[in-house]
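Take a look at the structure set out below.
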Amino acid sequence: MLALFETIHSWIGGFTPDQTTRKVLNMSNVNYTPEMVKILEQNAPVDYAKAQDLAKQLDRGVRSIIAKCKREGIEYISKPAPAKKKAAATKVELVGAIAKALDCDADSLSGLEKSTGIALSNLLSNIS
């Protein structure tokens, strides 16, 4: 690795890199010690609440804890996806239902579909 450093050093014309540059070139900066990884393994399976606690305990970010668990193969239980909304009736369907409730032709109510969905729902509930 020192040869790489010397090569890069010669390319930039003798510029003396500081300690940060040397860390980047040597990749010697370790974010998680083996003890920290052992703590993560002991707390498996990890969910979001545990990740928050571990983040405070290990002085790391929650996303960092989650990423490290996934990288190390430690089971992470993700949050369940939010439930999808039920498909609401379309405005055309509402106008058709209003026409049926009024016992008239849907074509005679042209332009009504441009109303808001809430207004059409209120109208249908008041007619029925």
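A few remarks follow.
- Every pair of residues 6+ apart whose Cβ atoms lie under 9 Å, when the first sits in the range 49-74 and is surrounded by 13 or more Cβ atoms within 10 Å (Cβ to Cβ) while the second is polar (S, T, N, Q) and part of a helix (DSSP H, G or I): A55/S64; L58/S64; V62/Q52; I65/Q52
- When the residues of the range 52-94 are filtered to those that are basic (K, R) and assigned to a helix (DSSP H, G or I), the one that is nearest to T33 (Cα to Cα) is K68.
- Check on A97, over 30 Å from P34 (Cα atoms) and surrounded by 10 or more Cβ atoms within 10 Å (Cβ to Cβ): yes
- Within the range 17-34, not a single residue is out of contact with any Phe, Trp or Tyr (no Cβ under 9 Å at 6 or more places or on another chain), among the hydrophobic types (A, V, I, L, M, F, W, C), modelled with pLDDT under 90 and closer than 30 Å to N122 by Cα.
- Among the residues of the range 56-101, the one identified as under 20 Å from the mean Cα position of the chain (by Cα) and of a type in the set (D, E) is E75.
- Among the residues of this structure, A81 does not count as one that is surrounded by 10 or more Cβ atoms within 10 Å (Cβ to Cβ) and modelled with pLDDT of 80 or more.
- Flag: A119 matches the condition of being assigned to a helix (DSSP H, G or I) and hydrophobic (A, V, I, L, M, F, W, C).
The values are calculated or read from the model by the stated rules, or taken from the named source; none is laboratory data. Quick caveat, the model's predicted, so the values are computed rather than measured. Glycine also receives a Cβ, built like all others from the backbone with ideal geometry; neighbour counts cover every protein chain displayed.
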